[in-house]
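Visitor: Please read through the structure below; I'll follow up with questions.
The values are calculated or read from the model by the stated rules, or taken from the named source; none is laboratory data. On a predicted model such as this, the values are computed, not experimentally measured, just so you know. A quick note on method: Cβ atoms are made from the backbone with ideal geometry, for glycine too, and the neighbour counts reach across all protein chains shown.
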Amino acid sequence: MYGGTIKDNFAADFGAGVYAMNGEFNMYGGHIGGNVAMTVGGGMYLNGVTANMTGGRIYSNIAEFGGGVYLNGVTTNMVDVFIGYNGADFGGGMFLTESTANMTGGAIEYNAASNYGGGVYISDHARLNLEDSVIEGNQAFFGGGVYIGPAGNLEMGGFNASISFNWAIQGGGVVVGDLATFTMRDGSIRRNTATIDCAVMVHPNGTFNHEGGEVSC
């Protein structure tokens, strides 16, 4: 995909905007918006692919899992991608399972989930590496910015990396679930709001490695 727009599509199951399986997906700029999937991946459903995304906007999409983006068995590099204003029950902006996503720059903003992971839901041996990326203004019941589920892994680095201004009932910034790991090397987690644990909520069997950066309410 080189520029262009994919918008206002509907799918009864997966990938209303983009559906890609067992191949390669490349996105350079462009817009994916206003798409609705009844189950998975409103804007984009990628399964078993290698993906490269540079620039572009994924916005105002809706699904049950992964309103903006759903990744299953995917390795992707994302540079300066905007994922915003999407909605889901789980993973308003993005949902990852058994995938590795390397995100440099860009933003995951103003997404909402009625349950877990307003910005991002990471689960089932998935990994999200953030470098100078911003996760702001998202909301959910658990994990306003990010919810890291079983065996999920989040790594955050870069001076400009930020998880801020998110809202949840529990874990305004990040929830580290059972057997999940969050490693923070740099950046900031601040000005998030929650009834319980405004910045980072760590479950008993979760791990938070705070190696650098600011963590505060």
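Visitor: Consider segment 155-168. How many of its residues are over 16 Å from Phe82 (Cα atoms) and either buried (at least 24 other Cβ atoms within 10 Å of the Cβ) or β-branched (Val, Ile, Thr) (or both)?
Guide: Residues that pass the stated criteria total 3.
Visitor: Looking at (1) in contact with a Phe, Trp or Tyr (Cβ under 6 Å, 6 or more places away or on another chain); (2) within 11 Å of Asn86 (Cα to Cα), which is the only condition Ala63 fails?
Guide: In the conditions (1) in contact with a Phe, Trp or Tyr (Cβ under 6 Å, 6 or more places away or on another chain); (2) within 11 Å of Asn86 (Cα to Cα), Ala63 misses (1) alone.
Visitor: Could you list, in sequence order, all residues of segment 2-20 that are in a strand (DSSP E or B) and either modelled with pLDDT under 95 or out of contact with any Gly (no Cβ under 6 Å at 6 or more places or on another chain) (or both)?
Guide: Keep residues of segment 2-20 that are in a strand (DSSP E or B), which gives 2, 5-7, 10-11, 14, 18-20.
Passing the criteria: Tyr2, Thr5, Phe10, Ala11, Val18, Tyr19, Ala20.
Visitor: If you don't mind, another one. Quickly run through segment 190-204 and pick out the residues that are modelled with pLDDT of 95 or more and loosely packed, with under 14 Cβ neighbours inside 10 Å.
Guide: Residues of segment 190-204 modelled with pLDDT of 95 or more: 190-203.
Correct list: Thr195, Ile196.
Visitor: Give the residues of segment 70-84 that are part of a loop (DSSP other than H, G, I, E, B) and either in contact with a helix residue (DSSP H, G or I) (Cβ under 6 Å, 6 or more places away or on another chain) or surrounded by fewer than 21 Cβ atoms within 10 Å (Cβ to Cβ) (or both), sorted by residue number. Before the answer, list the steps.
Guide: Here is the first cut: in segment 70-84, the residues part of a loop (DSSP other than H, G, I, E, B) are 73-74, 80-81.
Scanning segment 70-84 gives Gly73, Asp80.
Visitor: Next up: Considering each of Ala112, Ala63, Ala107 in turn, give the residue that is under 16 Å from Gly145 (Cβ atoms), touching a Ser or Thr at 6+ places or on another chain (Cβ under 9 Å) and either without any contact (Cβ under 8 Å) to a residue 12 or more places away in the chain or not aromatic (Phe, Trp, Tyr) (or both).
Guide: Values: Ala112 fails: touching a Ser or Thr at 6+ places or on another chain (Cβ under 9 Å); Ala63 fails: under 16 Å from Gly145 (Cβ atoms).
Selected residue: Ala107, the only one of Ala112, Ala63, Ala107 that is under 16 Å from Gly145 (Cβ atoms), touching a Ser or Thr at 6+ places or on another chain (Cβ under 9 Å) and either without any contact (Cβ under 8 Å) to a residue 12 or more places away in the chain or not aromatic (Phe, Trp, Tyr) (or both).
Visitor: Looking at segment 31-69 only, could you name the residues that are touching a strand residue (DSSP E or B) at 6+ places or on another chain (Cβ under 6 Å), of a type outside the set (A, V, I, L, M), in a loop (DSSP other than H, G, I, E, B) and surrounded by 24 or more Cβ atoms within 10 Å (Cβ to Cβ)?
Guide: Selection gives Gly41, Gly42, Gly43, Gly66, Gly67, Gly68.
Visitor: What's the total number of residues in segment 112-136 that are at pLDDT below 95 and surrounded by 21 or more Cβ atoms within 10 Å (Cβ to Cβ)? Outline the logic, then answer.
Guide: Looking only at segment 112-136, we keep the residues that are at pLDDT below 95, and these are 123-125.
Narrowing further to those that are surrounded by 21 or more Cβ atoms within 10 Å (Cβ to Cβ): 123.
Of the residues in segment 112-136, 1 are at pLDDT below 95 and surrounded by 21 or more Cβ atoms within 10 Å (Cβ to Cβ).
Visitor: Among the residues of segment 9-37, write down those that are in contact with an Asp or Glu (Cβ under 9 Å, 6 or more places away or on another chain) and either under 14 Å from Gly91 (Cα atoms) or of a type in the set (S, T, N, Q) (or both).
Guide: Hits for segment 9-37 are Asn35, Ala37.
Visitor: Considering only residues of segment 134-152 that are within 19 Å of Thr181 (Cβ to Cβ) and aromatic (Phe, Trp, Tyr), which is farthest from the chain's Cα centre (by Cα)?
Guide: Looking only at segment 134-152, we keep the residues that are within 19 Å of Thr181 (Cβ to Cβ), and these are 135, 142-143, 145-152.
Filter once more, so that each one left must be aromatic (Phe, Trp, Tyr): 142, 147.
On the way: Phe142: 14, Tyr147: 9 Å.
For segment 134-152, the residue satisfying everything is Phe142.
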